[in-house]
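Single-structure report; data block below.
The values are calculated or read from the model by the stated rules, or taken from the named source; none is laboratory data. Since the structure is predicted, the reported quantities are computational estimates derived from the model, not experimental observations. Using ideal geometry, Cβ is built from the backbone for each residue, glycine included, and neighbour counts are taken over all protein chains shown.
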Amino acid sequence: MTKVSCDTSGNILTLETSSGSYRFHAVWLRDNAADPETRSASNGQRLIAVGDIPADTRIAAASVDGASLNINFAPEGKTVVFDINWLIAHAYDRPTPDQRGWTRDDIELWDSGLMSHVPTADFTELGARGEALAQWLGDVTRYGFGKIANGPVREGALFDVVDLFGFVRETNYGRHFEVRTAVNPTNLAYTGLGLQAHTDNPYRDPVPTVQVLYCLESSAAGGENMVVDGFAAARRLRDEDPDKFSILADHAARFRFAGEEGVCLTSRRPMIELAPDGEMTGVRFNNRSLAAITDVPFDRMEEYYAAYRRLSEIIDDPAMEVTFRLDPGEAFVVDNTRVLHARKGYSGAGTRWLQGCYSDMDGLRSTLDAMRAATGREAAE
Ligand code: FE2
């Protein structure tokens, strides 16, 4: 049985339900009213600004009616009906996280143990845009990467992959880029050297949040792909030494790429990015495009480098890496704000050719949430 009560000021409402007790503020409730004068019935967008809410808004009366909560707001004299389940789903009366570097419940940190079950889907099944796609997009959100198998060996097929969840983000490298041995490489990614695990293009702001790599040829020995969970690496650093974690989160690094004519991309961002409440939201790590770091206090630069070195060692630890081969017609999609990728070295004999492009995680999550909402499952917010 749900019960409602208010404090004497009318500023705080308490909802006691079978799933718990939740407090809400009058101004919050008023702003989140779902009546047609406050929210558009057609697109759900708010029709009022905060200034339209009287500063002295308070609850004049409240009552429960089945699954609904009726609230009369003073001084407007406006009565609004709230869905109690919506209120419970959006309750904010809970303890705040006390440790920096926490991650959302819908993501799962991983290490090399994930090697035995790399999230993989069939190209044709994904194209049906049904449950297989929802499952795979959910995996990409949960683990930060996913593989696709049994696709066509056809130039441009990577655009079919992007089309499953979003749009291509074009850059100075073009709508897509070719990854294969080049005679005069402008970027080390196009040579046969192995690369340290990295996030792509940290010198862009905003950074491309999704990378797609699609394999078209792979007759050269080696060249396996490897991914490392940057959040897991940063979490391990935090658990080993919170000060090392903090110094990388609290000071901006700088990244730069000016390796082609007419291009000079720079950014100033920390290697470990946190939301104001300490949620880990991004990792930028790329030895090749790290520029001179000038935003760490003089007295702390050695400490900063010790932390950077330790994070690098953790990233290089085979216990953190998941390795898989991409054969022609196979692709992988990676959340470039979280998961680092690398390629093992490969020999010059034979060929290896991939096409890559960028897209965005917000579009991917939007597609997933819209699919889940359409199938009646709760969409994450
Ligand atoms: Fe890369």
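Couple of notes before you dig in:
- When the residues of region 2-27 are filtered to those that are in contact (Cβ under 8 Å) with a residue 12 or more places away in the chain and outside any strand (DSSP E or B), the one that is surrounded by the fewest Cβ atoms within 10 Å (Cβ to Cβ) is SER18.
- A single member of ALA49, ALA121, ALA67 is buried (at least 17 other Cβ atoms within 10 Å of the Cβ) and at pLDDT 95 or above, and it is ALA121.
- With respect to the stated conditions, GLY222 is modelled with pLDDT under 95 and within 27 Å of PHE332 (Cβ to Cβ).
- Restricting region 192-237 to residues that are away from the ligand (no atom under 12 Å from the Cβ) and at positive phi, the residue that is surrounded by the fewest Cβ atoms within 10 Å (Cβ to Cβ): GLY222
- Any strands (runs of 3 or more DSSP E) falling wholly within region 77-191 and containing at least 1 residues that are farther than 28 Å from MET271 by Cβ, touching a helix residue (DSSP H, G or I) at 6+ places or on another chain (Cβ under 9 Å) and not hydrophobic (A, V, I, L, M, F, W, C): 78-83, 120-122, 177-179
- Qualifying positions in region 324-360 - within 16 Å of the ligand (Cβ to nearest atom) and modelled with pLDDT under 95: PHE324, LEU326, ALA342, ARG343, LYS344, GLY345, TYR346, ARG352, TRP353, LEU354
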